[in-house]
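Beneath this line is the structure, given in structure tokens, with notes to follow.
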Amino acid sequence: MTLNEEVFRSLSAEQSLARLAGVQPGRIVVRRSEEIDIFPVNFVIDEGSIYFRTAEGSKLFTISLNQDVLFEGDGVVDGTAWSVIIRGNARVLSDSKEISYADSLNLKPWAPTLKYNWVCVSADDISGREFDIAEEPERY
């Protein structure tokens, strides 16, 4: 067993989603050709999917071109740090029933702006880990 295996503890998918549900904001990573961008977003988790709202712009444009995304959230609770990464597929909602459902999730923008577009991220892979914050071990 390596030192890292003693320090870092894996989180199950359920534990990872529960951690994400209690933190804001998250970050969405998108890729357009050779360009990679990361954007903070406030979000809600519903039935294992992540929903967020966005205005027209580079985030929405990039998701329309390439639906492969990463979503990340992290936090610290009572001296334990954690991080969750979701690899998934993002799609802009266009069906009126889906949009109506997303509107019922009661997610409001933090910034006083109009955000008409809903994006849903479906997870292909969820990985999370945690560790207790402590001093660095003796190096030599």
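Filtering the range 62-88 to residues that are more than 15 Å from Val121 (Cα to Cα) and over 14 Å from the mean Cα position of the chain (by Cα) leaves Val76, Val77, Asp78, Gly79, Thr80, Ala81. Taking the range 34-87 as the range and being under 23 Å from Tyr101 (Cα atoms) and β-branched (Val, Ile, Thr) as the test, the residues that pass are Val41, Val44, Ile45, Ile50, Thr54, Ile63, Val69, Ile86. Residues of the range 33-65 that are among the polar types (S, T, N, Q) and exposed (fewer than 11 other Cβ atoms within 10 Å of the Cβ): Ser33 alone.
Applying the set (1) in a strand (DSSP E or B); (2) within 20 Å of Phe131 (Cβ to Cβ) to Ile36 leaves exactly one unmet item: (2).
Yes/no matrix, rows are residues, columns are (1) under 23 Å from Asn117 (Cα atoms); (2) at pLDDT below 95:
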residue: Val7; (1), (2): no, yes
residue: Ser10; (1), (2): no, no
residue: Ala18; (1), (2): no, no
residue: Val29; (1), (2): yes, no
residue: Val41; (1), (2): yes, no
residue: Asp46; (1), (2): yes, no
residue: Tyr51; (1), (2): yes, no
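Yes or no, residue by residue, for (1) buried (at least 18 other Cβ atoms within 10 Å of the Cβ); (2) in a strand (DSSP E or B):
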| residue | (1), (2) |
| --- | --- |
| Asn4 | no, no |
| Ala18 | no, no |
| Gln24 | no, no |
| Arg27 | no, yes |
| Arg31 | no, yes |
| Gly75 | no, yes |
| Gly88 | yes, yes |
| Arg91 | no, yes |
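Please verify whether the range 94-116 includes one or more residues that are at pLDDT below 95, of a type in the set (Val, Ile, Thr), over 20 Å from Ala13 (Cα atoms) and exposed (fewer than 13 other Cβ atoms within 10 Å of the Cβ). Yes.
The values are calculated or read from the model by the stated rules, or taken from the named source; none is laboratory data. Just so it is clear, the structure is predicted and the values come from calculations on it, not from any experiment. All Cβ positions, even for glycine, are placed from backbone atoms using ideal geometry, and neighbour counts span all protein chains on display.
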